[in-house]
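**Student:** One structure, pasted below without further comment.
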Amino acid sequence: MEYTLNKKPFCNLLVQDLRLWAHLGCSAEEKFHPQLVSINVDFAFKFSPLGCITDRLEDTVSYLEVVQSIQSLVQNKQFNLIEHFTHDVYRTINNLVVQKRHIISFIRVTTKKVAPPVPGVHGGVFFTYCDTLHEQEDD
């Protein structure tokens, strides 16, 4: 493949396999006993973040802040559905990085319920939510 100067590089930041214990499920047992979830968060940039050149954290997305905001959400809330859980993770991240929307094309959040209590399911259950950034969303 030939590289041309006219093409923009594709850049993304991936937080992969953030493992947390969450109160996630519809049954009383699922809600009482936390379940292991694995979360991936993928930020696609519109162009190379300035941090590639400046080496300054404020010129990109702080994945530490992203992880801490997800941990706080999961520690303080119960969820029935993996879909709602994943959407809330997206909204939390969206609100955290909304001031960076000029550099972020979209955010993709994938949640894996590692061991759902469903006979025969051995590889987990996944749900993905992907969208562009929005103005800050209310909880």
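**Student:** LEU73 versus (1) in contact (Cβ under 8 Å) with a residue 60 or more places away in the chain; (2) of a type in the set (A, V, I, L, M); (3) buried (at least 17 other Cβ atoms within 10 Å of the Cβ): which is the lone unmet condition?
**Tutor:** For LEU73, the exception is condition (1).
**Student:** When you scan the range 111-120, do you find a residue that is among the aliphatic types (A, V, I, L, M) and within 30 Å of GLY51 (Cα to Cα), even just one? I'd like the intermediate steps shown before the answer.
**Tutor:** The initial filter retains those residues of the range 111-120 that are among the aliphatic types (A, V, I, L, M), namely 114-115, 118.
Right, trim to within 30 Å of GLY51 (Cα to Cα) and you get none.
Within the range 111-120, not a single residue is among the aliphatic types (A, V, I, L, M) and within 30 Å of GLY51 (Cα to Cα).
**Student:** Taking PHE85 as meeting all but one of (1) surrounded by 15 or more Cβ atoms within 10 Å (Cβ to Cβ); (2) without any contact (Cβ under 8 Å) to a residue 60 or more places away in the chain; (3) within 19 Å of PRO34 (Cβ to Cβ), write down the number of the exception.
**Tutor:** Unmet for PHE85, out of (1) surrounded by 15 or more Cβ atoms within 10 Å (Cβ to Cβ); (2) without any contact (Cβ under 8 Å) to a residue 60 or more places away in the chain; (3) within 19 Å of PRO34 (Cβ to Cβ): (2).
**Student:** When you scan the range 54-64, do you find a residue that is of a type in the set (A, V, I, L, M), in contact with a strand residue (DSSP E or B) (Cβ under 7 Å, 6 or more places away or on another chain), at pLDDT 95 or above and closer than 24 Å to HIS134 by Cβ, even just one?
**Tutor:** The answer is yes, given that some residue of the range 54-64 is of a type in the set (A, V, I, L, M), in contact with a strand residue (DSSP E or B) (Cβ under 7 Å, 6 or more places away or on another chain), at pLDDT 95 or above and closer than 24 Å to HIS134 by Cβ.
**Student:** Based on this model, can you work out whether SER38 counts as among the polar types (S, T, N, Q), in contact (Cβ under 8 Å) with a residue 60 or more places away in the chain and surrounded by 14 or more Cβ atoms within 10 Å (Cβ to Cβ)? First the steps, then the outcome.
**Tutor:** Details: among the polar types (S, T, N, Q): yes; in contact (Cβ under 8 Å) with a residue 60 or more places away in the chain: yes; surrounded by 14 or more Cβ atoms within 10 Å (Cβ to Cβ): yes.
Against the criterion (among the polar types (S, T, N, Q), in contact (Cβ under 8 Å) with a residue 60 or more places away in the chain and surrounded by 14 or more Cβ atoms within 10 Å (Cβ to Cβ)), SER38 qualifies.
**Student:** Shifting gears a bit: Please work out which residue is surrounded by the most Cβ atoms within 10 Å (Cβ to Cβ), limiting yourself to the range 107-134 and to residues that are at pLDDT below 95 and closer than 17 Å to PHE45 by Cα.
**Tutor:** Residue satisfying both the conditions and the ranking: LEU133.
**Student:** Going through PHE43, PHE32, PHE79, PHE10 one at a time, which residue ends up being of a type in the set (Phe, Trp, Tyr) and under 17 Å from PHE126 (Cβ atoms)?
**Tutor:** PHE79
The values are calculated or read from the model by the stated rules, or taken from the named source; none is laboratory data. Keep in mind that what you see is a predicted model, and the values were worked out from it rather than measured. Here the Cβ is made from the backbone with ideal geometry for all residues, glycine too, and neighbour counts use every protein chain on show.
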